[in-house]
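Structure, as structure tokens:
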Amino acid sequence: QPVLALTISPVRMEIAGDPGQTLRGEIELFNEQGETKTFYSSAANFEARGDSGAPYFLPDTTKGLASWITVQDNVVLKADERKIIPYTIQIPQGVEAGGYFAAIFWGTSPPGRQGGEQVSVSGKLGMLILLSVTGELKEGGGLLDLKIDEGHRIVSSFPITFAYRFSNDGSERVKPTGELKIKNLFGFTTATLDANSGNGNVLPGSIRKFKVVWAEKKQEKLAVVPLPTQTEGAEEGQSFFSTLGNQWRNFAIGPYKAEVNLSYGKDNKTADTSFWFFVIPWQLLSIIALVLAVLGLGGWFGLKKYNRWIIKKAQAGKFQ
């Protein structure tokens, strides 16, 4: 879509304000197209649906944060031109404390009207705004589970993708922080991974799934993502010999324990859970077993041949 040649910065703003306060900010627009373009603004509230953390935009813009935002209707950008566009957020007096979420969109077509609601018929890009209105907040929630993302407890090679789900029952967004540790059978820590390196938020009244990728045993590499990543399914896409090389370079076998320890909220509440899983590099073990079998069979035939030779030599010496 043509609008994809537009760059918006920043892509996310996390701000706070008091009831009755006016907040001010700026958006930088950059027209990467080779011609002059007019971009039109719009705003939309969003909420979380599902556990991916992806925003679901709501059609009603007459209430909530979208209705508090004021920004110019359109902007004309020449080819390769940048402009700073100011915007304001007027928080109403007496509004309830908590989290409010919206986006300021820019598209190549002006928003139309349909059924009393503002709609857009073209592609558009936007900046997410996560607003915290101060006051007495309700906090609640915690960890629901921790497992290997594919749902099984036995894996054969790296990378290993862990997934944990976090529930937010409060009135404000929370950003869990902490570590996911991998420990071997003897309790020694094999790897320490950031449990939320993407700084993902959990919106009020939602459950979000976070993913942590243990990429290698000997060198800690990590990633937490709310959506499928390139590392997912890597094992399935590898050839037998590629997987074999991976298992040889990052040899791991036996039971391991994954522990996640999180803190969240203004009061730094804590949540933790753990589970056991097994690493069984069957491809490498099958090759080792095959090599040992060949060596054992070769040794057995060699020993039989040597014994026949000894007996033949002994018999030849007896009759001389």
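The values are calculated or read from the model by the stated rules, or taken from the named source; none is laboratory data. Note that this is a predicted model, so its numbers are computed, not measured. Cβ: placed from backbone, ideal geometry, glycine included. Neighbour counts: every protein chain shown. Note: accessible area is taken over every heavy atom of the protein model, side chains too, but ligands, DNA and RNA are not part of it. Shrake-Rupley method; radii C 1.70, N 1.55, O 1.52, S 1.80 Å.
Brief remarks follow.
- For segment 48-88: rounded, prolate or oblate by the Cα gyration tensor [a/c cutoff 1.5]: oblate
- ³J(HN,Hα) computed for each position of segment 139-153 - Karplus, 6.51 cos²θ - 1.76 cosθ + 1.60, integer Hz, glycine/proline x: 10, x, x, x, 6, 9, 6, 9, 7, 6, 4, 6, x, 10, 9
- Solvent-accessible heavy-atom area per residue, rounded to whole Å², over segment 1-58 at 1.4 Å: 52
- Remark: segment 1-93 carries a charge dipole of roughly 120 debye about the Cα centre, counting +1 on each Lys and Arg Cβ and -1 on each Asp and Glu Cβ.
- Exceeding the 25 Å Cα-Cα cut-off - candidates Lys78/Lys124; Lys37/Lys63; Lys63/Lys124; Lys138/Lys181; Lys209/Lys257; Lys63/Lys211: Lys37/Lys63; Lys138/Lys181; Lys63/Lys211
- Ordered by solvent-accessible area of protein heavy atoms (1.4 Å probe), largest first, the residues Trp309, Trp276, Trp106, Trp68 come out as Trp309, Trp276, Trp68, Trp106.
- Peptide packing for 201-214, 293-306 was compared via the average number of neighbouring C-beta atoms within 10 Å per residue; ordered from the highest value, the list is 201-214, 293-306.
- FRET E, pair Glu14, Leu144, Förster distance 25 Å, beta-carbon r, rounded to 0.05: 0.55
- Within segment 151-190: Cβ-based charge dipole about Cα centre, in debye rounded to nearest 20 (Lys, Arg +1; Asp, Glu -1): 120
- Between Phe186 and Thr270, the modelled label-to-label distance comes to 2.7 nm, taking each label 7 Å out from Cα in the direction of the beta carbon.
- Figure note: Ile154, Ile85 ranked by solvent-accessible area, largest first, 1.4 Å probe, ligands and nucleic acids not counted: Ile154, Ile85.
- Carbon and sulfur %, accessible surface of segment 62-211 computed with the full protein complex present, 1.4 Å: 48
- Taking θ as phi - 60° and the Karplus parameters 6.51, -1.76 and 1.60, the scalar couplings of segment 86-98 work out to x, 8, 10, 10, 9, 6, x, 5, x, 5, 5, 5, x Hz in sequence order, x denoting glycine and proline.
- Computed from the C-beta positions of Lys63 and Glu26, the FRET efficiency with R₀ = 22 Å rounds to 0.30.
- ³J(HN,Hα), Karplus 6.51/-1.76/1.60, whole Hz, each residue of segment 69-74, x for Gly, Pro: 8, 10, 8, 4, 5, 8
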